[in-house]
Structures are given as structure tokens and as C-alpha cells.
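Asker: Here it is: the structure, laid out below.
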Amino acid sequence: MLEVHDIVCGYGGVTALRGISLQVQAGQLVALIGANGAGKSTTLRAISGLVPPRSGQMFFDGKEITRARPPRVLASGIAHCPEGRRVFPHMTVEENLDMGAYLRGDSAEVAADRDRIYQEFPRLAERRRQAAGTLSGGEQQMLAIGRALMSRPRLIMFDEPSLGLAPNIVERTFAIIRRIRDAGTTVLLVEQNAFAALEMCDHAYLLENGRIVLAGTGAALIENEHVRKAYLGG
Amino acid sequence: MSEFLQHLINMLVLGGTYALLGIGLTLIFGIMNVVNFTHGVLYTFGAYIMFIVVQQLGLNFFLALPVAVVAGWLLGAVIELTLLRPLRGSDIDTTMLVMIGAWIAMQSATLWIWGGVAKSVATPFPEAPLVLGPVSVSWLRLFVLAAAALLIVVTYLLINRTKLGCAMRATFQDQDTASLMGVNVDLIYTSTFAIGSSLAAAAGALLGPVYVIFPQMGDLAAVKAFAIVILGGLGNITGAVIGGFILALAEELGAGYISSGYRDAMGFLIIIAVLIFKPTGLFARSERVG
């Protein structure tokens with residue numbers, strides 16, 4: 001479904017990605033793990049068009065998206081739920097959800113999707129007229145996920161969804177992500193919590209210093225000696 | 001007492017156009033972060049469009065106002081596309097210098113085309129003012145207030161109730177995330193600058209016929225617009241409206257009870273006082289658009 005070939009990417013003089021290749025098959029949950037600064041977020045930002053790559057190619061469903069700008073990448077069916085949630089703080093919950101459906105013209109269907117999100121997350125329904133900046137971290141994460149779903153993506157990319165959340169909210173967030181995959185949406189997950197990510201994914205890649213150093217099923221990576229030592233604490 | 005009532009009436013008329021100037025600048029300076037020295041020139045431009053349409057082309061006065069709004073929108077879009085878009089991401093000093101250059105160039109162009117002699121615009125309103133008990137107000141000024149109020153409401157609805165307004169707010173709160181939602185950020189920058197400019201042109205088109213029209217008329221208007229934006233808080237639409245009326249009130253009272261020479265000093269006094277006592281402006285940060 002998504003194919004990334006040898007992407008090189010950087011900010012100014014710093015090279016963040018030194019030739020990344022990965023594949024995401026339709027219906028899978030694929031995890032990208034690695035330390036801080038390994039290039040996980042940059043990989044997602046390159047795919048969604050926020051950071052144009054210096055070289056390499058990317059294809060989604062066979063169509064090239066290498067230098068496509070974010071609106072075109074989204075229109076092709078890839079949603080990006082960014083690190084730190086990034087809800088629009090001075091806009092209401094409902095306006096945030098509507099921003100997720102910005103490119104869609106079918107307003108009746110959009111309203112129906114919004115109601116489904118409210119059913120899924122009743123807290124958001126209660127606070128629909130409230131400024132998103134006043135929500136708790138967990139509520140903002142639910143809003144960010146709901147907003148990403150509003151574009152009806154075929155592939156959804158999550159960047160560190162557990163960051164800064166209380167443990168019970170982290171559990172809940174991972175359960176939601178699994179449910180999204182089970183409902184048929186493909187997921188590419190970037191996560192620092194390597195154990196949780198490997199446990200729930202179908203396939204995983206390990207990034208170190210802007211390169212993919214290991215790939216395999218989640219179970220295989222959990223068993224890997226290097227992964228155990230460096231990322232799973234023994 | 002009747003003198004005070006008269007000042008209040010004058011304040012309403014003046015405040016409406018000040019609010020327009022302030023909203024236009026708070027969009028550009030407050031949320032786009034462009035120190036817009038061309039705002040005053042756009043005000044002058046709107047007044048000259050009024051002069052061209054009414055005096056030179058002999059067309060209807062009421063038609064001239066929408067023409068000025070559209071012309072201001074177009075000139076604003078051209079300024080954004082040619083001067084600001086290539087400078088996106090460069091530091092604020094560079095942008096400021098370029099905008100000062102644009103201000104001087106456009107003001108000189110005005111002087112070159114129409115000369116330095118002040119022009120006036122004939123209006124279709126009766127000479128005799130409307131007298132309401134102890135106070136009186138000219139029909140032209142009443143029209144100015146009504147038109148300004150209409151434009152303020154339209155702008156408010158545009159920003160708060162339309163998809164474009166939603167995209168504008170999203171862009172200025174978080175540009176990257178807005179583009180992840182599918183917003184064409186470049187288009188939003190151009191539209192926002194164009195809308196702000198069209199409001200400045202509208203203010204000039206409304207006040208031009210009240211006073212006289214000359215190439216430097218926008219300089220003082222620009223200073224007042226900055227005072228209003230600082231008073232209301234950067235990026236705060238409601239604050240800009242209230243700030244516009246507060247400045248108008250201060251000018252009316254300053255001119256009426258201190259000395260008419262102090263009228264234009266009030267804006268500067270307000271800037272100084274706000275920066276000393278409440279640098280974030282009178283209204284809360286949470287009211288910001290972006």
C-alpha cells in the first residue's frame with residue numbers, strides 16, 4: 001500500500017534520514033520504533049509532505065507522492081496525527097473535528113461521521129462547544145485521533161500517541177489504535193514505548209541514526225537480543 | 001450635557017471606521033505577524049478609488065464603496081504575492097524594511113498620479129444635518145457608521161462562521177497541522193492579507209468624503225490603527241472593535257475638553273499607557289483568533 005524507497009531528508013545542514021526504505025501492507029499495523037532523534041517523526045513528516053525529501057521516492061497505492069504537498073497526500077488517503085496532539089487550541093472541539101474533514105465536500109456524511117466520533121468519545125460530545133486548549137491531555141489525544149479519522153483515511157499515521165499521558169489513558173489510546181486497525185484502516189505507528197508497540201503491531205522497523213537497522217514481525221523484534229538490550233530494558 | 005452627547009455621537013461615527021482599520025491590521029500584524037506599513041497607504045488608496053469612481057468616472061456614490069473594497073482586496077493580494085510570499089520565513093526586520101519601502105513607493109506613486117492638492121468627493125446626502133433634540137449628526141456620517149457596522153459584522157461572520165474563516169484561524173494557530181488537514185496555507189496567507197487590506201481601503205473610502213483626500217492622509221490613520229491593535233491585543237477581533245471605539249472616544253474627549261490640538265496625540269498616549277500598564281492589550285489572550 002505504502003512504499004518508501006531510500007528517502008534522504010534533512011533540516012538545514014543536519015541530515016535526519018540517511019536512506020529509509022519501508023513498506024506498509026494494507027490492513028496491517030506497522031510500528032516504527034527507535035530512540036529520541038533517530039528519525040521516526042521525520043519519516044512521518046516526509047511521508048505527509050511537511051518535509052520534502054532530498055532524494056528517494058514514495059508511492060501510495062502505486063501513485064507517486066514523493067514531493068506532494070500535505071493537502072495532496074491527505075487527499076490521496078493518508079492522515080497524519082502529529083506528535084504532541086496539536087489540536088487547534090483556540091477553536092472549539094467541533095471546529096477541530098470539522099477541520100479534519102476540511103477537504104471533504106459531503107457535509108451530510110461529515111455530520112454523520114462527527115456523530116460517530118462523539119459516540120465513540122462521549123467526553124468530546126459533552127465539550128463540543130469548548131475551546132480545545134482547555135481539554136485535558138487525554139481528551140486532546142482523543143480529539144486529535146477523532147480529527148484524523150474525519151478525513152476517512154485509508155492509512156493513518158500516529159506520532160507518539162502515548163507521549164505525556166497518564167498510564168490508564170495510554171492503555172486506552174492503544175486500544176483505540178488497535179480498534180482502528182481491526183476496522184480495516186491501515187496504521188503506521190511511531191512510538192517510544194517499544195514494548196507496547198511491538199506487542200500490538202503486525203510488522204515493525206527499528207530506526208537508529210536515520211537508518212533502518214532491523215525489520216520483522218513484532219514478535220521477532222521482541223525476541224531480538226539487540227532490541228531487548230537497548231529498548232526493552234534487558 | 002448636550003456637548004457630551006454630541007461627543008458620544010461623533011465617537012460612534014469615528015469609532016466605526018477606526019474599528020475597520022483596527023480589524024484589518026490585527027489580522028495582518030496581530031496574527032500574520034507582518035508589521036504592515038502599507039496599511040495607511042491602503043486607506044489612502046480606498047479614498048482615491050472613491051474619488052476616481054465618483055468624481056472622475058461620475059458613477060454612483062454607493063457603487064464606489066464596494067469598488068473600493070474589491071480594489072483594496074486586489075492590491076492587498078498583489079502586495080502579498082509579490083513582496084511577502086518570497087520573504088516567508090525570513091526575519092521580521094527584513095519584512096519590515098520591505099514594507100517601509102512599499103509604503104514610500106506607493107505613497108510617492110499616489111502623489112505622482114494625483115498631485116499633492118487635496119481632493120473632495122461630492123456626496124448624495126443633504127447638507128442639513130439630522131437634528132435629534134440637543135445633538136445633530138450629518139447624514140453622511142450616519143451612512144459611514146452604518147456601512148462600517150455592516151462591514152464589521154460581515155468580517156466577524158466570515159472569520160467565525162465560514163470554512164475560510166475556520167481555515168484562517170487554524171493556519172495562524174498551527175500552520176503545519178493546518179496543512180495536514182488539507183489547508184492550502186499559501187492561499188490563506190494571501191486571502192488574509194487581502195481581507196485586511198480591503199478593510200483599510202473601506203475605512204479610507206468611508207472617511208475620505210467626510211474630510212478631504214490627499215496622499216499622506218494614511219500616515220496618521222496607520223499610527224491610529226497600530227494604537228487600536230495594541231490596545232485591543234494582537235490578533236483579537238473583538239478587541240480591535242472595542243479599541244477603535246475607545247480611541248475615538250479619547251480623541252473626541254481630548255479634542256473637546258483639553259484642546260483640539262490634542263486630538264491626534266491621543267493615539268500615541270494610548271500606545272504609551274498600554275505598553276506601560278498592560279502590554280498584552282486590554283482583552284484576554286484566549287480571545288485571540290490565532
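The values are calculated or read from the model by the stated rules, or taken from the named source; none is laboratory data. Computed from a prediction, not measured in an experiment: that's the story for all the values here. Cβ coordinates were reconstructed from backbone atoms using ideal geometry, including for glycine residues, and neighbour counts include every protein chain displayed.
Asker: Output the residue which, of all residues in region B:172-189 that are farther than 17 Å from B:Thr155 by Cβ and more than 9 Å from chain A (Cβ to nearest Cβ), is surrounded by the most Cβ atoms within 10 Å (Cβ to Cβ).
Answerer: B:Tyr189
Asker: Check B:Arg161, B:Arg169 and return the single one that is loosely packed, with under 13 Cβ neighbours inside 10 Å, within 14 Å of chain A (Cβ to nearest Cβ) and either of a type outside the set (D, E, K, R) or more than 24 Å from B:Met1 (Cβ to Cβ) (or both).
Answerer: So the residue among B:Arg161, B:Arg169 that is loosely packed, with under 13 Cβ neighbours inside 10 Å, within 14 Å of chain A (Cβ to nearest Cβ) and either of a type outside the set (D, E, K, R) or more than 24 Å from B:Met1 (Cβ to Cβ) (or both) is B:Arg161.
Asker: For region A:96-109, give me each residue that is crowded, with 20+ Cβ neighbours inside 10 Å, in contact with a helix residue (DSSP H, G or I) (Cβ under 6 Å, 6 or more places away or on another chain) and either small (Gly, Ala, Ser) or within 7 Å of chain B (Cβ to nearest Cβ) (or both).
Answerer: Answer for region A:96-109, where residues must be crowded, with 20+ Cβ neighbours inside 10 Å, in contact with a helix residue (DSSP H, G or I) (Cβ under 6 Å, 6 or more places away or on another chain) and either small (Gly, Ala, Ser) or within 7 Å of chain B (Cβ to nearest Cβ) (or both): A:Met99, A:Gly100, A:Ala101.
Asker: Then there is this: With region B:139-217 as the region, which helices (runs of 4 or more DSSP H) entirely inside it contain at least 1 residues that are in contact (Cβ under 8 Å) with a residue 40 or more places away in the chain?
Answerer: Once the helices (runs of 4 or more DSSP H) in region B:139-217 are filtered for at least 1 residues that are in contact (Cβ under 8 Å) with a residue 40 or more places away in the chain, what remains is B:139-161, B:163-173, B:185-207.
Asker: Looking for something among the β-branched types (Val, Ile, Thr), within 14 Å of another protein chain (Cβ to nearest Cβ) and more than 16 Å from A:Leu155 (Cα to Cα) - is there at least one such residue anywhere in region A:44-64?
Answerer: Taking every residue of region A:44-64 in turn, at least one turns out to be among the β-branched types (Val, Ile, Thr), within 14 Å of another protein chain (Cβ to nearest Cβ) and more than 16 Å from A:Leu155 (Cα to Cα).
Asker: Moving on to the next point. Show the residue pairs that are 6+ apart or on different chains and have beta-carbon atoms under 7 Å apart, the first residue being within region A:119-137 and over 15 Å from A:Met91 (Cα atoms), the second being not hydrophobic (A, V, I, L, M, F, W, C) and not in a helix (DSSP H, G or I).
Answerer: From residues that are over 15 Å from A:Met91 (Cα atoms), the pairs are A:Gly137/A:Gly164.
Asker: Let me ask another. B:Ala225 - would you say it is in contact (Cβ under 8 Å) with a residue 60 or more places away in the chain, away from chain A (no Cβ under 14 Å), aliphatic (A, V, I, L, M) and crowded, with 24+ Cβ neighbours inside 10 Å?
Answerer: In short, yes.
Asker: State whether the residues of region B:209-219 include one that is over 25 Å from B:Gly15 (Cβ atoms) and within 14 Å of chain A (Cβ to nearest Cβ).
Answerer: For region B:209-219, residues over 25 Å from B:Gly15 (Cβ atoms) and within 14 Å of chain A (Cβ to nearest Cβ): absent.
Asker: Here is a further query. Could you tell me which residue of region A:135-153 is farthest from B:Asn160 (Cα to Cα), considering only residues that are touching a Lys or Arg at 6+ places or on another chain (Cβ under 8 Å) and within 13 Å of chain B (Cβ to nearest Cβ)?
Answerer: A:Arg152
Asker: Would you check if A:Glu120 is of a type in the set (D, E, K, R), over 20 Å from A:Gln23 (Cα atoms) and modelled with pLDDT of 95 or more?
Answerer: No: the conditions fail for A:Glu120.
Asker: Show me the helices (runs of 4 or more DSSP H) entirely contained within region A:133-234 in which 2 or more residues are modelled with pLDDT under 90.
Answerer: Qualifying helices (runs of 4 or more DSSP H): A:225-231.
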